[in-house]
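The values are calculated or read from the model by the stated rules, or taken from the named source; none is laboratory data. Just so it is clear, the model here is predicted, and its values are computed rather than measured. We place every Cβ from the backbone using ideal geometry, glycine too, and count neighbours over all the protein chains shown.
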Ligand code: NAD
């Protein structure tokens, strides 16, 4: 298996590769001795150049008919679809997930482009009215240069969720991928750009300094950010000086409440997918489980039996059910959570098998862990662990379960699991979150049209929907003619 690509990407400005002074190496989180490639670190001057290019392109792009813009973006979408087989393995080698998860990232990105292509033209239509004294036209106009900043866990779909509404409504874009997964996304965006005028899609790289320069730039009119809540707070501050619009899709600590009428065997496959897809590194993964006290030991036996079947290995190994986590600090954090749980006397189950154990220390590997944590205020229950370590907390009454679930700074997604629809809906309505699912949770649970996003520290704004999302990429321009 050829795992060593060693390719270099540059900045992408005005449909040209632009080199810069500094580059960083990108290593495979599942095989750290493999250097996969190099990505640039943009200077403040590079950022300015990209934003200026996007601004110049905006002056022409906004003038096109909406249908023409949609047609051009959809030809770029075709390029995305045609690139999956080639680019998905590269994505695995930089972010660590399984090949089928990387394929899904690309395909979900394509689906967003397709969904928006069917709704943007109608949304952009002006509302006109006339009476004896005046004529009024309420029009929607694009904002200008949009900056899209994305994390490493699902870089393609998270970019397309921003790029599709931004470009189709007439904005241009500067994308900043994460330094932890910069390569496949850049190659993809370069290919897609070939279908579009120069400067409509630009890509700059780097971390905090680049992100700060982008979100402070005077010509940037909107920031669409996905990442951690701490970073989101900085982004909001940085954008405030020039009153930029912001959409913030941030962290989560999603609760799942099992009711006492739940059929454990029936829900188990979906629940496991909700917890462990992408090794738990999903913003809306199940991150804490609340189980009726009387079901707890049966539930723990059952979930542990299933998890014990998991195999942990490199994302390109077809036998693997979980890949490594993405980076060293994430692995260290997860290990510290497990150690802390052990030290306070929690029952900890370390499960699953290692594939290629000889490679274990050459990657960020961790086996899945289940922790029986009776303290709903513990570190593990209270934080966003972002990995395959799941706490289970028993509860005695539903009121208690809801108090536990809502006692969080986060409010992204959540779920209720029950055999009784009416009871489940009643409980779902009491949960403080942007989304509550019933008998499902995690990737695939939310569909286009359900406004996706969180409350509290999980963010501001909604993606994946029509009016709430498209309104965030446009302004109203109201005209009135007095007869
Ligand atoms: P992160 O916040 O560390 O980084 C996200 C992006 O922000 C990266 O591109 C990074 O380079 C950039 N960045 C860092 N500092 C910046 C600054 N000061 N200004 C502007 N940009 C800056 O997040 P991560 O570790 O890459 O991703 C994991 C986090 O993302 C988790 O908390 C997860 O829940 C969250 N996430 C949320 C969603 C959602 O839709 N709500 C989806 C996926 C991931």
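Points to keep in mind about this one:
- Conditions (1) under 24 Å from residue 95 (Cβ atoms); (2) in contact with a helix residue (DSSP H, G or I) (Cβ under 7 Å, 6 or more places away or on another chain); (3) more than 9 Å from the ligand (Cβ to nearest atom); (4) assigned to a helix (DSSP H, G or I); number of the one not met by residue 163: (2)
- Count of residues meeting criterion [buried (at least 18 other Cβ atoms within 10 Å of the Cβ) and more than 16 Å from the ligand (Cβ to nearest atom)] in the stretch 318-332: 3
- Of the helices (runs of 4 or more DSSP H) lying entirely inside the stretch 388-483, those carrying at least 1 residues that are within 13 Å of the ligand (Cβ to nearest atom) are 467-470.
- Considering each residue of the stretch 343-359 in turn, none proves to be modelled with pLDDT of 95 or more, within 26 Å of residue 411 (Cα to Cα), more than 16 Å from the ligand (Cβ to nearest atom) and surrounded by fewer than 16 Cβ atoms within 10 Å (Cβ to Cβ).
- Filtering the stretch 329-339 for residues that are outside any helix (DSSP H, G or I) and closer than 25 Å to residue 271 by Cα leaves an empty set.
- Residues of the stretch 115-137 that turn out to be loosely packed, with under 14 Cβ neighbours inside 10 Å and either closer than 30 Å to residue 179 by Cβ or in contact (Cβ under 8 Å) with a residue 60 or more places away in the chain (or both), as a count: 4
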